[in-house]
Each structure stands twice: as structure tokens, then as C-alpha cells.
Amino acid sequence: MANASSATNGSGGATGTSNTPKKPEYTLKYTLSGHTKAISSVKFSPDGEWLASSSADASIKVWGAYDGKYEKTMQGHKLGISDVAWSSDSRLIVSASDDKTLKIWDFPTGKCLKTLKGHSNYVFCCNFNPQSNLIVSGSFDESVRIWDVRTGKTLKTLPAHSDPVSAVHFNRDGALIVSGSYDGLCRIWDTASGQCLKTIIDDDNPPVSFVKFSPNGKYILAATLDNTLKLWDYSKGKCLKTYRGHKNEKYCIFASFSVTGGKWIVSGSEDNMIYIWNLQSKEVVQKLSGHTDVVLSCACHPTENIIASAALENDKMIKLWKSDV
């Protein structure tokens, strides 16, 4: 009977179902300063406790995810860092650097456990598989490498693309890897064999600046340098949704799925804003302003309605935003 009353109380019925909020209401809670150069990447730990950031200043910093409190800095790379990622147990961090190496860090102690050598140019992107026994990396050398976390050795080198690799990501069971490149292609790889299972190409192939699997593993979200984000059903090779309104023609800007409240797509932008789209309707439901330079990176908290964002050289700040819906 609970539903019967909602039709008469003015708020319910077809217009306001509680499980799909019409719009998020993110507001700025904390601004985190400390990096001395542009910030390249921010990632929440899977346990939701921490936020890691990487920077052109060659350092990784870790902050409290809920209060923004500074925790520690990890240093050791010789040049700037483009990406950072957490292991599933939130104990290890991997970083990808312009010094052509990746490093595996033990977060509790802050010590570097392994340096992964093999790429012949800048390492631009990295991720752990869900089991966290493997790391995937993409480089300006146009290859994708799969590494053994325990030994720090390359298991496979995939001649993946004909231009720099902008993003790499494992699906939710780790069986597949998706890679994106400036060559305009998204490719799906079989982790075990290293075989390319699928190539997704658009009509006019602008550079692919970011790609990742959806949380359920059925779709990929791809950004291209023509101010466009697309959601693909990769098994059918079909574009399902297109998201526009932001500015992205130059930088490899991270995008992500927000699933803790409503179902949103979140991305930084070259107009210094964070854009939030309704995943289904594709409409821009919120724009967050506050940064004073290109917002290169944003991340969504695993369990709470919290977004982290970070910007380039003229800003150097990380911001934490929270919403009640």
C-alpha cells in the first residue's frame, strides 16, 4: 500500500522515482594542495579510504578520501608521472612515468617494491587486474605490456597500436584488456593469449584519448579528441550513447562511471569544469566549476557520492565534491 499514497502526495508517480534522482547535487567540500606541478591522475582506493594522485612533479601523494587529509608522498621516479592505480586490496599502487618505467609501491610503508623496465618511451597509463597479480601498461612506444606483479617481469608485449597508447583497462574478471590510442582505435585483447579479439573503429577515427570498461563489463566508455564521449557495446561493435557539451581536443582526460547514487558519466574538461551526464538520457545534469586550469582527471568513490578532480599547471589542486543524491 505504500505506493498508493505516493501518487497522491504530490511528489511521486511518474515524475519522481526515488531510485533514479533527476540530478546530482555535488558541492565542493575540500581543496587539496601539495603537488608542485600539473596533476595527471587521481584514483580512489577500492576500499574507499584513500585517494592517490600523480603529478608531473614525479611524486605520488595519498590523501584521506573522506576528509582530504594529507597522508604521504612516494618519490623515486626520475621524471613526471602520467598515471597511478591501486591493487584490489588497496595495499599496492602502480605508477607510470615519463622515465619509461612503472613502479610498484607498498602503500602501508611507502616503499618502492619493484621497478618495471621494458618500455622504450614514456609510460602513459596503467592498471591492475582485479586479482592484482597482473599490471597492464600502455606507452608512447605504441605497445601494451602485461607484467607479473610478483616478479616485476614482462609476461607479454602486445604490438597494440600505430600511435601512442592513451589508456588500458581490465574488465571485471580480468579476462579482457581494452586499449585506446591516438591511432583512433579501441582494441579488446585476450589477457591469457595476448590475441586481439576485436577492434572498434569509428567512421572518422579521431584520436582515442581514454577508454575503460563499464562496471558490469558489457560496455566500454571511450573519449575522443573531438569533444565526444561514447558508450559502446563492444560485443556488437555498436555505439549506444554519445555524450557532448564538454571541451576535449588536446588532452587525455579521464572519464568515469558514477554508480553510487544515480547513474552518471563524469569527465573533466578543457574549459576547467567537471561535466556530469545522465548515462541514459545523455543530458548534462551538472557542471562543477572551481578549478583554474584544464581538469585532466576525475574519479568516483566506490561507495559514496564523492568525486575527486584534479587540474593542470595553473591550478595544481585536487578537489573533493560530495552529493546527497
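The values are calculated or read from the model by the stated rules, or taken from the named source; none is laboratory data. Not measured: the values here are computed from a predicted model. Neighbour counts run over all protein chains shown; Cβ positions are idealised from the backbone, glycine included. When the accessible area is computed, the model is the full protein with side chains, heavy atoms only, and any ligands, DNA or RNA have been set aside. Shrake-Rupley method; radii C 1.70, N 1.55, O 1.52, S 1.80 Å.
Check Ile265, Ile220, Ile201 and return the single one that is modelled with pLDDT under 95 and of a type in the set (Val, Ile, Thr). Can you show your working first?
Details: Ile265 fails: modelled with pLDDT under 95; Ile220 fails: modelled with pLDDT under 95.
Selected residue: Ile201, the only one of Ile265, Ile220, Ile201 that is modelled with pLDDT under 95 and of a type in the set (Val, Ile, Thr).
Check whether at least one residue in the stretch 122-142 is open to solvent by 50 Å² or more (accessible area, probe 1.4 Å), farther than 19 Å from Asp47 by Cβ and small (Gly, Ala, Ser), and report yes or no. No, the stretch 122-142 contains no residue that is open to solvent by 50 Å² or more (accessible area, probe 1.4 Å), farther than 19 Å from Asp47 by Cβ and small (Gly, Ala, Ser). Within the stretch 191-245, the residues that satisfy the criterion of being among the aromatic types (Phe, Trp, Tyr) and closer than 25 Å to Ala85 by Cα are Phe210, Phe213, Tyr219, Trp232, Tyr234. The criterion of at least 1 residues that are among the basic types (Lys, Arg) and surrounded by fewer than 19 Cβ atoms within 10 Å (Cβ to Cβ) is met by the following strands (runs of 3 or more DSSP E) wholly inside the stretch 218-325: 238-243, 284-288, 318-322. Under the condition of being assigned to a loop (DSSP other than H, G, I, E, B) and either open to solvent by less than 40 Å² (accessible area, probe 1.4 Å) or hydrophobic (A, V, I, L, M, F, W, C) (or both), the residues counted in the stretch 49-69 number 5. If you go through the stretch 248-306 and pick out every residue that is in contact (Cβ under 8 Å) with a residue 40 or more places away in the chain, under 27 Å from Ile81 (Cβ atoms) and of a type in the set (Phe, Trp, Tyr), you end up with 3.
Could you go through the stretch 81-89 and let me know if any residue there is outside any strand (DSSP E or B), closer than 17 Å to Ser45 by Cβ and open to solvent by 30 Å² or more (accessible area, probe 1.4 Å). Walk me through how you get there before you give the answer.
First, pick out the residues of the stretch 81-89 that are outside any strand (DSSP E or B): 87-89.
Keeping just the survivors that are closer than 17 Å to Ser45 by Cβ gives 87-89.
Going one step further and asking which of them are open to solvent by 30 Å² or more (accessible area, probe 1.4 Å), we end up with 88-89.
So far as the stretch 81-89 goes, yes, one or more of its residues are outside any strand (DSSP E or B), closer than 17 Å to Ser45 by Cβ and open to solvent by 30 Å² or more (accessible area, probe 1.4 Å).
Just the residues that are within 11 Å of Leu102 (Cα to Cα) and of a type in the set (Ser, Thr, Tyr), please, taken from the stretch 131-164. Scanning the stretch 131-164 gives Ser137, Ser139. Taken across the stretch 39-48, residues that are open to solvent by 20 Å² or more (accessible area, probe 1.4 Å), within 18 Å of Ile253 (Cα to Cα) and either among the hydroxyl-bearing types (Ser, Thr, Tyr) or not in a strand (DSSP E or B) (or both) do not occur at all. Checking each residue in the stretch 277-325 for being acidic (Asp, Glu) and in contact with a Phe, Trp or Tyr (Cβ under 9 Å, 6 or more places away or on another chain) picks out Glu283, Glu304. Just one residue in the set Lys103, Lys72 is crowded, with 20+ Cβ neighbours inside 10 Å, over 17 Å from the mean Cα position of the chain (by Cα), basic (Lys, Arg) and assigned to a strand (DSSP E or B); that residue is Lys103.
Close Cβ contacts (under 7 Å, 6 or more residues apart or on different chains) running from residues in the stretch 134-157 that are in contact (Cβ under 8 Å) with a residue 60 or more places away in the chain to residues that are outside any strand (DSSP E or B) and open to solvent by 40 Å² or more (accessible area, probe 1.4 Å) comprise Val149/Asn133.
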